[in-house]
Amino acid sequence: MTATVVVITGSVGTGKTTISKKLLEEGYLAINLFEFAKKYDCIEGRDEKRNALIVDVDKLEMVLSNYLEAGYGIVIIEGHYSDIVPEKYVSKAFVLSASIVDLKERMARRNYREEKITENVEAEIMQVCWTDALDAFGSARVTKIEPMSSDETVRIISTYLE
């Protein structure tokens, strides 16, 4: 039996990791895509300009598929590029959003460079993660969650998981 995946995606700073950690505390299996990629050697290099690791998405997709084929029941997969999760596993995708002011403040607290902040704010304005999720999983499986408290967001997602 393969796993059933619930995706949590959104631009950097929208609360994906916070929400998935809270769901983990509630007993759900939660995977951060970037950490998973590092753990399973799916890094192909480094982008010096952005000071970021480059994920080998083809390898990540293959390793993730093998992992999900092993079962595990409901698996929450969190990441801003979670549209790489094979569609056949995904039962639901939640796209988190945040106000531009909140995003800027959160990224500044994390010491992001101004260029990186601008890039991510533009991605949120253009709704890149929303569009990617719709393209990858279809409108029937994608729900956008507008800015709200993390507890309220967890409640909405938990209701779907029950």
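Summary of values
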{"read-out": "Solvent-accessible heavy-atom area per residue, rounded to whole Å², over the range 1-123 at 1.4 Å", "value": "52 Å²"}
{"read-out": "Where N is the number of residues in the chain, Cα Rg divided by 2.2 N^0.38 Å", "value": "1.00"}
{"read-out": "Globularity ratio of the range 1-58, using Cα Rg and 2.2 N^0.38 Å", "value": "1.31"}
{"read-out": "For residue 30, distant residues with modelled amide H under 5 Å away", "value": "76"}
{"read-out": "³J(HN,Hα) computed for each position of the range 35-51 - Karplus, 6.51 cos²θ - 1.76 cosθ + 1.60, integer Hz, glycine/proline x", "value": "5, 4, 4, 5, 4, 9, 6, 10, 9, 9, x, 9, 8, 5, 4, 8, 6"}
{"read-out": "Built amide H within the under 5 Å cut-off of residue 142, gap 5+", "value": "93"}
{"read-out": "Accessible surface of the chain [probe 1.4 Å, protein heavy atoms]: carbon and sulfur percent", "value": "50 percent"}
{"read-out": "R0 of 35 Å, Cβ-Cβ distance residue 66-residue 146: FRET efficiency to nearest 0.05", "value": "0.50"}
{"read-out": "Two-site label geometry, residue 48 and residue 125: point separation in nm, points 7 Å out along Cα→Cβ", "value": "3.0 nm"}
{"read-out": "Calculated [θ] (222 nm, deg cm²/dmol) that DSSP helices of n ≥ 4 give over the chain, each run adding -39,500 (n - 2.57)", "value": "-13500 deg cm²/dmol"}
{"read-out": "In Hz, Karplus ³J(HN,Hα) per residue of the range 143-160 (6.51, -1.76, 1.60; θ = phi - 60°; x = Gly, Pro)", "value": "10, 8, 10, 6, x, 7, 5, 5, 5, 5, 4, 4, 4, 4, 5, 4, 4, 5"}
{"read-out": "Cleavage-rule hits (trypsin sites (Lys or Arg not before Pro)) in the range 1-51: DSSP loop, at most 11 neighbouring Cβ within 10 angstrom", "value": "49"}
{"read-out": "Qualifying lysines (Cα of each under 30 Å from Cα of residue 22; at least 8 residues distant if same chain)", "value": "38, 39, 59, 88, 92, 104, 116, 144"}
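The values are calculated or read from the model by the stated rules, or taken from the named source; none is laboratory data. What you see is a predicted model; the values in this text were computed from it and never measured. Methodologically, a virtual Cβ is constructed for each residue, glycine included, from the backbone with ideal geometry; neighbour enumeration extends over all protein chains shown. All accessible areas refer to the heavy atoms of the entire protein, side chains included, with ligands and DNA or RNA removed. Shrake-Rupley method; radii C 1.70, N 1.55, O 1.52, S 1.80 Å.
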